[in-house]
Amino acid sequence: MTDLRAAVAAGALGSEESYRELLQAIVECARAIFGAKASSIFLHDEETDELVFEAVAGEGSGDLLGVRFPSSRGVAGWVLVTRQPLVIEELEQDPRFAREVAESTGYVPKGLMAVPLLHDENTLGVLEVLDRTQQAAFSLAEMELLGLFANEAAIALDLLQRAREARAVLQEEGAEASALARLSERLAKAEPEKREAAERLINAIDELLS
């Protein structure tokens, strides 16, 4: 019951789609701002140690969602492990570039910018911007702007994971979970005063059952 109460209090259920839409908006905005051919957000799946395409804009946007590859491969894997941003203007000359991974996605970029998605000291994934318009050398201002996109993406990715974890908990609990799922959806839309009152009721029930 404690895990269920936590899921309900978080108001996460029923929100997964909205968080995915937010991630999609971030990559579309990043692609437009940098004049890039594509932009993508990868989630690090800790259970399988893989990077998963969670949002894609531009090249490959119709086919890559959900595609996975080992987190140890390529530039994205390097950024994930080192937790360092990276700008590469000529990928073919960089030993970290895994061409076979790029070819498997159907698009082989010439250059990219990549930044880790950090939240509460955890590395949740990677944001990449591919083949930006190269009118001039990459600047500090552009790196700061990329960092702002990364901050927003990290928050959205964390919320997406929480929503999925909450849904998984409720699915495991059967009928009881179904009722709490409906309650959670109502809580997410409720006014703050009503939400607090409902959470106090859930706490009281939890203490009684314990």
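The values are calculated or read from the model by the stated rules, or taken from the named source; none is laboratory data. Since we're looking at a predicted model, the values are computed, not measured. Cβ: placed from backbone, ideal geometry, glycine included. Neighbour counts: every protein chain shown. Calculation scope for accessible area: heavy atoms of the full protein, side chains included, ligands and nucleic acids excluded. Shrake-Rupley method; radii C 1.70, N 1.55, O 1.52, S 1.80 Å.
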Q: Name the single residue, out of those in the stretch 84-94 being within 23 Å of Gly147 (Cα to Cα) and out of contact with any helix residue (DSSP H, G or I) (no Cβ under 7 Å at 6 or more places or on another chain), that is least open to solvent (accessible area, probe 1.4 Å).
A: Leu91
Q.
Where the second residue is open to solvent by 60 Å² or more (accessible area, probe 1.4 Å) and charged (D, E, K, R) and the first is at negative phi and lies in the stretch 60-81, which pairs have Cβ atoms under 8 Å and are six or more apart or on separate chains?
A. Pro70/Asp49; Ser71/Asp49; Ser72/Asp49; Val75/Arg96; Trp78/Arg96
Q: Restricting attention to the stretch 63-83, report how many residues are surrounded by fewer than 17 Cβ atoms within 10 Å (Cβ to Cβ), in contact with a helix residue (DSSP H, G or I) (Cβ under 8 Å, 6 or more places away or on another chain) and of a type in the set (S, T, N, Q).
A: 1
Q | Residue list for the stretch 100-111, restricted to those being part of a helix (DSSP H, G or I) and without any contact (Cβ under 8 Å) to a residue 40 or more places away in the chain | A | Glu100, Val101, Ala102, Glu103, Ser104
**Q.** Matching residues in the stretch 78-94 - criterion: being in contact with a Leu (Cβ under 8 Å, 6 or more places away or on another chain) and assigned to a helix (DSSP H, G or I)
**A.** Trp78, Val79, Leu80, Leu91
Q: Kindly check whether there is at least one residue in the stretch 113-129 that is open to solvent by less than 70 Å² (accessible area, probe 1.4 Å) and more than 20 Å from Val52 (Cα to Cα).
A: no
(Q) Just to be sure before I move on: is Ala198 modelled with pLDDT under 65, in a helix (DSSP H, G or I) and open to solvent by less than 30 Å² (accessible area, probe 1.4 Å) in the structure I sent? (A) no
Q) If you check Phe97, Phe149, Phe138, which single one turns out to be open to solvent by less than 80 Å² (accessible area, probe 1.4 Å), in a helix (DSSP H, G or I) and in contact (Cβ under 8 Å) with a residue 12 or more places away in the chain? A) Phe149
